[in-house]
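Undergrad: Take this structure first; my questions come after.
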Amino acid sequence: MGEAPAFFVDELQKGYGNGFDIKSKGGETAILLGNRTYVIGGACEESPLSIGVQIFDQSTGEWIYPTVLGTKPKPCKGLSAVLLSEDRILITKNGSTPDDFAWFLEVDTQYVRQQKKILGTDVVAWSKGVRGYPEKPVVISGPSGVGKGTLISMLMKEYPSMFGFSVSHTTRAPRAMEKDGVHYHFIERSAMEKEIEDGKFLEFASVHGNLYGTSVEAVEVVADDGKRCILDIDVQGARSVRASSLEAIFIFVCPPSMEELEKRLRARGTETEEQVLKRLRNAKAEIEQGQSSGIFDHMLYNDNLEECYKSLKKLLGLDGTVTAPPKSSSKVVDLPMDHSVAKIDHRIIINSKTPELGKASTNIRIVLDVSSLKGGAPGRTRGLDIYTMDSFLDGLAGINH
Ligand code: ADP
Ligand code: 5GP
């Protein structure tokens, strides 16, 4: 590890209060929180494609290099920081586009505390700030061969702009028609175990002798695309998601009979005889759990496919004429190259410090509303609202008239 920036040490002697953004120099900035100063910026030595984080502990006079988790922001030409609460710091990147300018460095959230215990090291975690909220994901479970994939395909075909599929990871071999990255991310067991250990999975389970799991990223990319996420996972996975912070709708699909299930599984022709028998044996327990565990909000009986599809659409509120929810159209300018941030209640005011080279010297002011944040590391922090100061003042004027 390299030396911590020396100039911060001088600044630290001055004894600033909690949350003070000490100084930005050479692309770094620092935030004081209790006895600790978080120095954020430049490139991380271990992964140079992300922003570095180091901590100065004033009680010991030592520098700490924490384990950095979450999706990491790429380095930029300078950044600003403001303490949002005792558990997270908001970082804004100079000269970035609206979809990359707000990042959260979690220093004491529940996730960070949990990971500290597991890893036995100091931990911080990055989470990207995103505008708005996606609709609740839909979890679909049921025994192998019941028709989950068929129903999901029908839904995605009829509403391509509304739904996106969470592409799971699996250690099983691909079937003839399956494409890597589309149907599954096919992965070696040891590599998947390592990713699970690194906290990259929302849930995972051993199903019919193979490992299957939903990565945090698989769900987030669908929401980033403005779509509602559909997860096709087994009952154990559904239980884990139920226990997680992800709010979802849980649907269990039942076959009309075990005989019909066997017929469908064999007719699909994708499994060996041994695998078919294993899946049928597991089906009994899955159906029992599906019906009695209290995990599921809705039961569907897939006897007649068209009828079942109609019921699925009804419980998703799609039985009327539906159009995709409009994407937010309010335009926000790029963040100024050099800016300062100030926190006023639940709003962050971003002010350009200097006019950009070759541009008229307009003072760009942007408001970040952080009153309704949801989620966080290892996924995105959602619910940010971003607008220009002008549109904020226009809104206030509208209220007063
Ligand atoms: P799952 O994803 O639950 O394992 P699939 O969607 O692959 O199941 O369906 C298994 C087989 O059953 C497929 O060949 C599919 O065409 C067929 N199938 C699905 N639903 C029905 C239904 N209601 N009636 C008859 N066959 C069906
Ligand atoms: P298949 O091998 O037929 O594609 O899937 C077998 C079983 O694994 C199905 O019940 C399916 O729902 C489940 N499954 C697929 N992806 C995941 C996942 O990411 N997590 C969990 N827990 N189960 C999954």
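The values are calculated or read from the model by the stated rules, or taken from the named source; none is laboratory data. Fair warning: this is a prediction, and the values are worked out from it, not measured in the lab. Methodologically, a virtual Cβ is constructed for each residue, glycine included, from the backbone with ideal geometry; neighbour enumeration extends over all protein chains shown. Just so you know, the surface numbers come from the protein's heavy atoms only, side chains and all, with ligands and any DNA or RNA stripped out. Shrake-Rupley method; radii C 1.70, N 1.55, O 1.52, S 1.80 Å.
Undergrad: Where only protein heavy atoms count, and the probe is 1.4 Å, what is the accessible area per residue for the stretch 138-315 in Å²?
TA: Heavy-atom SASA per residue in the stretch 138-315 reads 50 Å².
Undergrad: Pick out, from M192, V241, Q289, the residue whose Cα sits farthest towards the positive end of the charge dipole of the stretch 138-315, with +1 on the Cβ of Lys and Arg and -1 on the Cβ of Asp and Glu.
TA: The listed residue farthest towards the positive side: Q289.
Undergrad: Shape of the stretch 83-230 from its Cα gyration tensor (a ≥ b ≥ c, root eigenvalues): rounded if a/c is under 1.5, otherwise prolate when a/b > b/c, or oblate?
TA: On the way: a/c = 2.42, a/b = 1.42, b/c = 1.70.
Judged from the Cα gyration tensor, the stretch 83-230 comes out oblate (a/c at least 1.5, b/c at or above a/b).
Undergrad: Let me ask you something else. Classify the stretch 136-188 from the C-alpha gyration tensor, please: rounded if a/c falls under 1.5, else prolate or oblate depending on whether a/b exceeds b/c. The partial results should precede the final answer.
TA: Working: a/c = 1.74, a/b = 1.48, b/c = 1.18.
Prolate.
Undergrad: Protein chains only, probe 1.4 Å: how do M389, M258, M192 rank by accessible area, largest first?
TA: M258, M389, M192
Undergrad: Counting Lys and Arg as +1 and Asp and Glu as -1, each charge on the Cβ, what is the dipole of the stretch 138-315 about the Cα centre in debye, to the nearest 20?
TA: Numbers: 23 positive and 28 negative charges, 81 e Å.
The dipole magnitude comes to about 380 debye.
Undergrad: While we're looking at this one, here's another question. Put one equal scatterer on each alpha carbon of the stretch 138-315, apply the Debye formula with no solvent term, and list log10 I(q)/I(0) at q = 0.10 1/Å to two decimals.
TA: The computed values of log10 I(q)/I(0) come out as -0.37.
Undergrad: Quick check: net charge around G294, other residues with Cβ under 12 Å of its Cβ, Lys/Arg +1 and Asp/Glu -1? Write down the numbers at each step before the final one.
TA: Working: positive: R239, R242; negative: D297.
Result for the local shell: +1.
Undergrad: Under a 1.4 angstrom probe, counting protein chains only, how are S215, S206 ranked by accessible area, largest first? Walk me through the numbers on the way to the answer.
TA: Details: S215 15, S206 70 Å².
Greatest to least solvent exposure: S206, S215.
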